[in-house]
1. Could you compute the FRET efficiency for ASP90 and HIS186, with r as their C-beta to C-beta distance and R0 at 45 Å, rounded to 0.05?
2. What's the FRET efficiency of ALA83 with LYS37 using the Cβ-Cβ distance as r and R₀ = 22 Å, to the nearest 0.05?
3. LEU215's amide H: which non-local residues (gap 5+, or another chain) put their own amide H closer than 5 Å, with H modeled 1.01 Å from N in plane and none for Pro or chain starts?
4. Report for the chain the percent antiparallel among DSSP-assigned beta bridges with both residues inside it, nearest 5.
5. In degrees, nearest 10, range 0 to 90: what is the angle between the Cα axis of helix 233-246 and the longest Cα principal axis of the chain?
6. Once both labels are modelled 7 Å past Cα along the beta-carbon direction, what's the ALA74-ASP200 spacing in nm?
7. What's the exposure ranking of ASP40, ASP267, ASP73, going from fewest to most Cβ atoms within 10 Å?
8. GLU121 to ASP48: extension gain in nm, 0.36 nm per residue of separation minus the Cα-Cα distance?
Amino acid sequence: MNTKKTYAGIPQEFGNLSTSKIVVIPVPYDGTSTWQKGADKGPQAFLDASENMELYDIETGSEVYKEGVYLADAITENSSPEAMVDAVHDITKKYINRNKFVTVFGGEHSVSIGTIRAFNECFNNITVLHIDAHADLRKEYEGSKCNHACAVYEVNQNTNLVQVGIRSMDISEKREMNLDKVFFAHDMAVNEDWMEDVIDQLSENVFITFDLDALDPSIMPSTGTPEPGGLFYYETLEFLKEVFEQKNVVGFDMVELCPNENEKSSDFLAAKLFYKMLSYKFASNDDSYDIGDDNSDENPFSKLSKFKDEDDF
Ligand SMILES: [Mn+2]
């Protein structure tokens with residue numbers, strides 16, 4: 001009998017790899033963070049909070065876990081930042097190639113280097129939507145290109161990068177920026193149309209990398225670098241819902257939960273936000289959304305994947 005833990009404590013029948021449309025990969029890595037350590041504890045805190053969450057989403061009227069959510073083994077490679085990135089890249093790609101909707105929970109933001117590399121290789125014409133307080137555009141930091149401060153440098157070189165919520169950076173990063181595609185928090189605060197303006201910059205296929213420090217520290221204090229002036233919950237949901245409705249979101253990651261045992265609301269926010277994103281994905285792209293519909297040909301993101309079906313690999 002398989003007693004392996006499931007995501008959010010869902011029944012085993014919804015947690016098998018073969019029948020799950022969704023995969024969650026935990027990456028408890030915190031090798032390069034510079035201030036408060038603890039993002040390596042993020043995935044466990046996220047999973048614990050997820051188990052205490054109710055699984056009916058009121059807004060979409062859905063129970064997305066019934067699409068099947070497979071909780072992959074955590075990636076624990078930490079011999080070097082480069083080895084961790086390679087492991088994340090390989091494993092992410094493996095699940096994308098099985099036509100799963102792949103999600104990753106970090107860990108610090110350097111895990112996204114491997115995740116994004118995998119998505120970029122598997123999908124055409126991708127935009128990386130980077131929601132973060134920090135620009136993360138350094139080419140190298142503290143001797144490594146795989147530092148959290150470099151999370152989106154590589155993708156900025158080779159695909160469309162759109163950055164949202166930025167309010168902390170080094171002047172050197174400005175050289176790397178395409179200012180039409182960077183939405184600074186101080187501008188968003190006075191621009192009612194920022195959501196539409198962001199969506200105008202996205203291509204059809206979108207990968208979302210969500211650094212939880214993009215959120216305001218008043219609602220997300222448990223993160224390594226809590227920068228004032230961030231996004232609030234309902235505006236974040238409104239924005240994400242628009243993105244999921246208007247674009248083909250091919251996957252996402254969520255990083256930088258740095259749990260504090262005396263402050264559980266951040267863990268719970270991360271768990272709910274993650275589940276919301278899944279709910280938006282599977283409720284919005286399929287008008288005939290119907291719980292219990294297991295017709296895998298209707299996989300709403302596969303039509304734009306380079307991999308047409310499971311026989312291709
Ligand atoms: Mn950040």
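Since every read-out is calculated from the coordinates, none of them should be taken as a lab result. Given the structure is predicted, the values throughout are model-derived calculations rather than measurements. Cβ: placed from backbone, ideal geometry, glycine included. Neighbour counts: every protein chain shown.
1. Working: r = 39 Å, r/R0 = 0.87.
Approximately 0.70, to the nearest 0.05.
2. Working: r = 19 Å, r/R0 = 0.87.
So the FRET efficiency works out to roughly 0.70.
3. Amide H neighbours of LEU215: LEU231.
4. On the way: 5 of 41 bridges.
Expressed as a percentage, antiparallel bridges in the chain total about 10.
5. On a 0 to 90 degree scale, this one is about 60.
6. 4.4
7. Details: ASP40 20, ASP267 24, ASP73 9.
In order of increasing Cβ crowding within 10 Å: ASP73, ASP40, ASP267.
8. Values: separation 73, 0.36 × 73 = 26.28 nm, distance 3.22 nm.
So the chain would gain 23.1 nm between GLU121 and ASP48.
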